[in-house]
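Quick notes on the structure that follows.
The values are calculated or read from the model by the stated rules, or taken from the named source; none is laboratory data. Every value quoted in this text rests on a predicted model; they were computed, and no experiment measured them. Cβ sites come from the backbone with ideal geometry, for glycine too, and all protein chains shown count toward neighbours. To get the accessible areas, we keep the full protein, side chains included, count just its heavy atoms, and leave off ligands, DNA and RNA. Shrake-Rupley method; radii C 1.70, N 1.55, O 1.52, S 1.80 Å.
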Amino acid sequence: MKESMEQTLEAKSSELKAHFLALQAQINPHFISNILMVISSTGYELGSKKIVMICSQLSDMMKYISASDSMNITLKAELAHVNNYLELLKWRFEDQLHYEYHIDERLQSIQVPKLILQPLVENSYNHGFSGKRPPWKLTITGWLEEDKWFIEIRDDGIGFSENSLAKIKNQISEYREKFNQGKILSEQPIGGMGLLNVYSRLFMLYRDKLVFEIHSDLKGETSIKIGGPSGMDQS
């Protein structure tokens, strides 16, 4: 009983740490929001709808990241955040970047930890597309299957090397082992919003009911599938 309570406290502590480090990564978000309003107003005066839209989308992202009212949100809100991120990339890359959604409407109200999808999409942009000439394609698919929700993010980038994929899977395996031994997580570098960070926060919530799969084929296509219980009782 004592060990179980300690694990629960450690999990809560690590979840809080992940949240606050995400906030700390922002350089005074309120100041940036105010500056964006100035830029947006200038864009409006100059008749540039593009500048106004960019500022609005970036401002929405800043508000979403810095909001401290809840660590868990709906998938609908998380997907809206992802869409803002992709729209901002679209302003830069235009027809070089193609993305599409195939989301079951029943997923919209499911509660999940904040910032579990955008880091995975960002991983596609930073790593999958970095070594490939455009055009690039990214597909986000969400569905319900029996008592679980699933979201898969698929890109046509360069994929993971065997060594990189093996390293990620080893890190996940080591994390699970330490967690189950109650050794989390002063040793766990929770800062940043990478794959392991997303995995660790989902695992703290869903434990053995978590789905977290990474596949990369010889063509370079990569898919990351995550999922968990779809009901109110997620224990």
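When restricted to residues that are free of Cβ contacts under 8 Å to residues at least 12 places away in the same chain and either under 19 Å from Leu144 (Cβ atoms) or not hydrophobic (A, V, I, L, M, F, W, C) (or both), region 62-82 contains 1.
The number of residues in region 40-51 that are under 13 Å from Glu87 (Cα atoms) and either without any contact (Cβ under 8 Å) to a residue 40 or more places away in the chain or not in a helix (DSSP H, G or I) (or both) comes to 1.
For beta carbons closer than 7 Å, sequence separation of 6+ or different chains, a first residue in region 85-98 that is touching a residue at least 12 places away in the same chain (Cβ under 8 Å) and more than 16 Å from Gly157 (Cα to Cα) and a second that is among the polar types (S, T, N, Q) and surrounded by 14 or more Cβ atoms within 10 Å (Cβ to Cβ), the qualifying pairs are Tyr85/Gln118; Glu87/Gln57; Leu88/Gln57. Before we move on, is His81 in contact with a strand residue (DSSP E or B) (Cβ under 8 Å, 6 or more places away or on another chain) and either modelled with pLDDT of 80 or more or assigned to a loop (DSSP other than H, G, I, E, B) (or both)? Taking the combined requirement at face value, the residue does not satisfy it.
In the set Ile103, Ile110, Ile116, only one residue is within 14 Å of the chain's Cα centre (by Cα) and aliphatic (A, V, I, L, M); that residue is Ile116. What do you reckon, is Lys76 in a helix (DSSP H, G or I), more than 20 Å from Val211 (Cα to Cα) and open to solvent by 20 Å² or more (accessible area, probe 1.4 Å)? Spelling it out, it is not the case that Lys76 is in a helix (DSSP H, G or I), more than 20 Å from Val211 (Cα to Cα) and open to solvent by 20 Å² or more (accessible area, probe 1.4 Å).
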